[in-house]
Amino acid sequence: MKRTLPTTLDPSGSAAREIADLWWLMVGLGGIAFVVVVVALVVGLRRRPTEESDHRPSAGGRWLIGGGVVMPAVLITIVLIATIVSMRAVSSAPSDDAVRIDVVGHQWWWEVRYPDEQVVTANEVHIPAGRDVVLELRSADVIHSFWVPALAGKMDLLPERTNTLVIDADRPGRYEGVCAEFCGIQHANMQLVVVAHDEVEFAAWLDDQRRTAAVPTDDLAARGEEVFVSAGCAGCHRIGGSDGADAEPETIGPDLTHVAGRESLAAGALDNTFSNLRDWILDPHAIKDGVLMPAAELDPDELDALAAYLGGLR
Ligand code: CUA
């Protein structure tokens with residue numbers, strides 16, 4: 001799928017701006033130190049020792065103390081102070097109107113829950129722009145790391161404790177992210193996107209997500225709903241409001257209530273198109289080797305029906 005390379009140098013959130021400012025300060029000071037050292041080196045190389053300089057070791061001593069002790073001490077002190085200021089700013093308490101979202105890392109996808117809204121989705125974190133968002137991060141298996149460079153720094157997702165990361169986006173938009181901690185062979189296919197909406201759009205999105213799943217409108221999709229249950233998909237995936245698949249399983253695979261409305265499948269491995277959905281169900285390991293989901297043992301008619309059903313779940 002088409003992704004732009006996420007960058008820390010185009011910040012769109014408060015925490016990311018702090019980090020980018022600190023980076024530019026370090027680049028600037030490092031640049032100054034580099035220039036001073038290069039100039040001193042060139043001057044030293046071009047100067048021929050004279051009788052006079054040979055008898056004046058104090059000049060060299062001044063360079064050593066100035067360039068080797070004073071300059072590094074001053075620069076490192078400036079960076080230390082700036083770092084402490086940035087760390088305090090980045091870890092400041094969220095505002096009272098913050099939205100809480102629980103994010104659970106899985107090999108290799110993101111479970112995203114809105115505990116106050118009874119909304120569950122995957123691999124997409126929808127937030128209101130201009131408001132603090134408190135992410136409660138944990139892992140269902142190994143260590144992952146949540147990183148959306150345009151919005152904030154990295155934060156690990158651990159199996160045995162919850163880490164909190166506060167993010168905010170200045171304006172509506174799409175902000176791409178990745179898992180930033182090697183977590184197995186499909187670590188690279190553990191992508192996510194944060195979608196920031198204005199308040200009205202965000203409320204509408206929540207309303208939409210709270211709906212139960214779309215009821216099949218044709219025979220093929222209705223057959224697909226039966227296949228979903230009979231083939232065992234419902235053992236790992238929930239579809240809110242669907243006959244036989246509404247029970248909340250221990251979360252193994254993503255909630256599929258609105259799967260067709262998401263931009264990607266398999267945490268960014270595939271664009272969310274009908275043919276990709278069909279290919280994915282047919283043999284997920286051919287696309288993302290090592291995933292928990294087994295290949296479907298379905299005849300082609302059943303596969304078409306299942307894909308038609310899931311493809312209608314907007
Ligand atoms: Cu999850 Cu890398």
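Any read-out appearing in this document is the output of simple, stated calculations on the displayed coordinates, not a laboratory observation. Computed from a predicted model, the values in this text were never measured in an experiment. When we count neighbours, we look across all protein chains shown, and the Cβ atoms used for this are built from the backbone with ideal geometry, even at glycine.
So here's what we get for this one:
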read-out	value
Centroid-to-centroid separation of the stretch 59-102 and the stretch 219-293 [C-alpha atoms, Å]	47 Å
Length added when fully stretched, Val229-Asp283, from 0.36 nm per residue minus Cα-Cα	17.6 nm
Folded to 0 to 90 degrees: helix 14-46 orientation relative to the chain principal axis, Cα	30 degrees
Computed Kirkwood radius, in angstrom, where 1/r is averaged over Cα pairs of the chain	22.6 Å
Antiparallel content of DSSP bridges confined to the chain, in %, to 5	70 percent
Estimated vicinal HN-Hα couplings, Hz - the stretch 112-121 in sequence order (Karplus 6.51, -1.76, 1.60; Gly, Pro = x)	10, 10, 10, x, 7, 10, 6, 10, 10, 9
Arg210 versus Arg47: modelled label distance in nm, points set 7 Å from Cα along the beta carbon direction	7.6 nm
Two-decimal log10 I(q)/I(0) for the stretch 179-224, as the Debye equation yields it once each C-alpha is a single scatterer, q = 0.15, 0.18, 0.19, 0.30 Å⁻¹	-0.77, -0.80, -0.80, -1.03
Coil-residue GluC sites (Glu not before Pro) of the stretch 151-218, DSSP, other Cβ within 10 Å capped at 12	Glu160
Mean shadow area of the stretch 5-117 over all directions, Cα convex hull, nm²	12.0 nm²
Packing-based order for 153-159, 99-105, using average beta carbon neighbours within 10 Å, highest first	99-105, 153-159
Estimated [θ] at 222 nm from DSSP helical runs (n ≥ 4, -39500 (n - 2.57)) normalised by residues in the chain, nearest 500	-11500 deg cm²/dmol
Residues Thr257, Thr251, Thr7, sorted so that the one with the fewest Cβ neighbours within 10 Å comes first	Thr7, Thr251, Thr257
Gaussian network model of the chain, springs between alpha carbon atoms under 10 Å - residue of Pro72, Pro128, Pro254 with greatest fluctuation	Pro72
Quarter of the Cα convex hull surface for the stretch 75-138, i.e. its orientation-mean projected area (nm²)	6.3 nm²
Point-to-point label distance, Arg161-Thr4, nm (Cα→Cβ direction, 7 Å offset)	3.6 nm
At R0 = 35 Å, FRET efficiency that the Cβ-Cβ distance of Ile252 and Trp23 yields, to 0.05	0.35
